[in-house]
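Working notes for the structure below.
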Amino acid sequence: MSELTFYTNPMSRGRVVRWMLEELAIPYHTEVMAFGPEMKSTDYLAINPMGKVPAIRHGDTVVTEVAAICAYLADRFPEKQLAPAANSPERGPYYRWLFFMAGPFEMATSARAYDWRIDDSNVQAVGSGRLDDVIRTLEQALSRGPYICGEQFTAADVLVSSYLWWETMQKNLPPNEVFQNYVDRMESRPAAKRANQLDDELAEQMNAATA
């Protein structure tokens, strides 16, 4: 098996990929990247020209962007069953929610966080639509089953749960019982707990080193 290298910082979206890797329970090597010059170094820009984390290198394959990394890993390790079968009806919703979180959800919550204007004058042209519509759409989907794609836990749940947790904590989403119940169930998974513990310990080590 090709070695997998995970480039991350424990105070970044790399926490989402960490959870995904722990769900897969595969060997991987972690490269911790400090914000600032290290992420903009020539060596790392060869991995991700954006100079951001997370990223993975798996053999000769490099993948960046959280949703893309999760989708790649689920497909690369099909025996872990973290994606619906390619010919199953759930494959469509699986793609839908991966891209929904990376697209409309992140844009709408960022607009709320930074007071970007989305109103009647531009809502038809803005890809995310209104935040209220994003919330309602997710709430309806999560009310239909235990997971975002129905009865199977998938990489999409890793993404959806992580983003809901973060944006609720940041108060970019109002309190929502459906979201909270879902996040609590996902965060109770052993892999999620392991991932959080690993990144919390790593954050403490980094803070101690710079104190």
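Data table
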{"quantity": "Distance (nanometres) between label positions extended 7 Å along Cα→Cβ at Asp120 and Met11", "calculated": "4.3"}
{"quantity": "Zone residues, the range 172-208, relative to Arg136, backbone N less than 18 Å from point 7 Å out along Cα-to-Cβ", "calculated": "173-179"}
{"quantity": "Top of Met186, Met20, Met50 by mean-square fluctuation, Gaussian network on the chain, Cα under 10 Å", "calculated": "Met50"}
{"quantity": "Estimated distance in nm for a label pair at Glu38 and Gln205, the labels positioned 7 Å out from Cα along Cα-to-Cβ", "calculated": "1.1"}
{"quantity": "Distance from the range 195-209 to the range 28-53 (C-alpha centre basis), Å", "calculated": "18"}
{"quantity": "Computed [θ] at 222 nm, deg cm²/dmol, the chain (DSSP H ≥ 4; -39,500 (n - 2.57); rounded to nearest 500)", "calculated": "-15000 deg cm²/dmol"}
{"quantity": "Distance from the range 63-96 to the range 139-178 (C-alpha centre basis), Å", "calculated": "17"}
{"quantity": "Cα-based Lys proximity count in the chain, under 25 Å, for pairs eight or more positions apart or on separate chains", "calculated": "5"}
{"quantity": "Cut-off under 5 Å, modelled amide H: who pairs with Leu4 long-range", "calculated": "His29"}
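Bear in mind these aren't lab numbers, they're just calculated from the coordinates by the rules spelled out. Owing to the predicted nature of the structure, the values given are computational and were not obtained by experimental measurement. With ideal geometry, Cβ positions are generated from the backbone for all residues, glycine too; neighbour counts draw on all protein chains shown.
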